[in-house]
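The values are calculated or read from the model by the stated rules, or taken from the named source; none is laboratory data. Everything quoted here is computed from the prediction, not taken from an experiment. Cβ sites come from the backbone with ideal geometry, for glycine too, and all protein chains shown count toward neighbours.
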Amino acid sequence: MFGYRSSGPRLSLTSPRMQIRTVAERDGWLLTDYYQENRDFLMPWEPLRDESYFHHHGWDARLHVMTTQQKQGDAFYFLLMDPAAQQVWGVANFTQVIRGCFQACYLGYSLAGAQQGNGLMHEALTTLIPVLQKQQQLHRIMANYMPRNQRSGALLARLGFEKEGYARDYLKINGRWEDHVLTALVTPTPD
Ligand SMILES: CC(C)(COP(=O)(O)OP(=O)(O)OC[C@H]1O[C@@H](n2cnc3c(N)ncnc32)[C@H](O)[C@@H]1OP(=O)(O)O)[C@@H](O)C(=O)NCCC(=O)NCCS
């Protein structure tokens, strides 16, 4: 359930192998550890990260913005954590929520190098997506991947995301504009 505190709406869920929760303003150390430890692993798949991603104090301002967005229902940033909730194994972010007649958002995610290939991101997203679809009335969740990111493409296909297009030079990943396959998961409309 979404609960409300001064820092914004909070959602905590348990999946078979993880504790999953929205970020809070105090999470700077956890996120610094995650991005430091996985800096080289994530580099080919992500935008070039500002140095502030790798220092605790760099997270203060960013977490303030992120929790403000959560409070306003504009984005939801999730930490995927070990069962004791001591370490971040990955992140899943539902951002740029657009309301009104669109009810849509973008999904982005990453998992620690040490946690790859165990079905954890699928487990996290099958836990999160139905809750967000229902509680935030998200009708369209969009996720895009580089054609060579086969693991991400396979994950999205397994989750039911459908290919909708192909965009040239769509996102600047690791310093280069890269083509992306565009996909979306649309909540079925009852007849
Ligand atoms: C994309 C990414 C999140 C996928 O994470 P993941 O947890 O490995 O993905 P899944 O949950 O789909 O797991 C599937 C893998 O787990 C294996 N697996 C093991 N146990 C499993 C289980 N119980 N259930 C399902 N799959 C299982 C599958 O065989 C598959 O392995 P394979 O890819 O070697 O064939 C991850 O590779 C990543 O962080 N990549 C770098 C960042 C990135 O690309 N982000 C996305 C940009 S679009």
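Residue under question is residue 82, and the condition is that it be touching a residue at least 40 places away in the same chain (Cβ under 8 Å), under 24 Å from residue 19 (Cα atoms) and more than 16 Å from the chain's Cα centre (by Cα); does it hold?
Yes: the conditions hold for residue 82.
Please verify whether residue 67 is part of a strand (DSSP E or B) and among the β-branched types (Val, Ile, Thr), treating the condition exactly as stated.
no
Quick check: is even one residue across the range 137-159 in a strand (DSSP E or B), at pLDDT 95 or above, of a type in the set (Phe, Trp, Tyr) and within 14 Å of the ligand (Cβ to nearest atom)? Lay out the reasoning, then the answer.
At the first step, the residues of the range 137-159 found to be in a strand (DSSP E or B) are 140-145.
From what is left, the residues that are at pLDDT 95 or above are 140-145.
Checking which are of a type in the set (Phe, Trp, Tyr) leaves us with 145.
Cutting the leftovers down to within 14 Å of the ligand (Cβ to nearest atom) gives us 145.
Within the range 137-159, one or more residues are in a strand (DSSP E or B), at pLDDT 95 or above, of a type in the set (Phe, Trp, Tyr) and within 14 Å of the ligand (Cβ to nearest atom).
Hey, among the residues in the range 169-191 that are part of a loop (DSSP other than H, G, I, E, B) and either hydrophobic (A, V, I, L, M, F, W, C) or in contact (Cβ under 8 Å) with a residue 40 or more places away in the chain (or both), which one's surrounded by the most Cβ atoms within 10 Å (Cβ to Cβ)?
Selected residue: 187.
Could you check the range 123-135 and list, in sequence order, the residues that are more than 7 Å from the ligand (Cβ to nearest atom) and either surrounded by fewer than 19 Cβ atoms within 10 Å (Cβ to Cβ) or free of Cβ contacts under 8 Å to residues at least 60 places away in the same chain (or both)?
Passing the criteria: 125, 126, 127, 129, 130, 131, 132, 133, 134, 135.
Residue check: is residue 95 surrounded by fewer than 17 Cβ atoms within 10 Å (Cβ to Cβ) and at pLDDT 95 or above?
When the stated conditions are applied, residue 95 passes them.
Does the range 106-117 hold any residues that are part of a strand (DSSP E or B) and near the ligand (Cβ under 8 Å from one of its atoms), and which are they?
Matches in the range 106-117: 108, 109, 110, 111.
So residue 120 fits all but one of (1) buried (at least 18 other Cβ atoms within 10 Å of the Cβ); (2) within 18 Å of residue 78 (Cα to Cα); (3) more than 8 Å from the ligand (Cβ to nearest atom); what number is the exception?
Of everything listed in (1) buried (at least 18 other Cβ atoms within 10 Å of the Cβ); (2) within 18 Å of residue 78 (Cα to Cα); (3) more than 8 Å from the ligand (Cβ to nearest atom), residue 120 misses just condition (3).
So which of 145, 166, 106 ends up being in contact (Cβ under 8 Å) with a residue 24 or more places away in the chain, surrounded by 12 or more Cβ atoms within 10 Å (Cβ to Cβ), farther than 25 Å from residue 32 by Cβ and among the aromatic types (Phe, Trp, Tyr)?
145
For the range 31-59, give me each residue that is in contact (Cβ under 8 Å) with a residue 24 or more places away in the chain, part of a helix (DSSP H, G or I) and either surrounded by 14 or more Cβ atoms within 10 Å (Cβ to Cβ) or aliphatic (A, V, I, L, M) (or both).
Those that are in contact (Cβ under 8 Å) with a residue 24 or more places away in the chain, part of a helix (DSSP H, G or I) and either surrounded by 14 or more Cβ atoms within 10 Å (Cβ to Cβ) or aliphatic (A, V, I, L, M) (or both): 31, 32, 33, 34, 37, 41, 42, 43, 45, 56, 58, 59.
In the range 164-189, how many residues are touching a helix residue (DSSP H, G or I) at 6+ places or on another chain (Cβ under 9 Å) and closer than 18 Å to residue 122 by Cα?
The total comes to 3.
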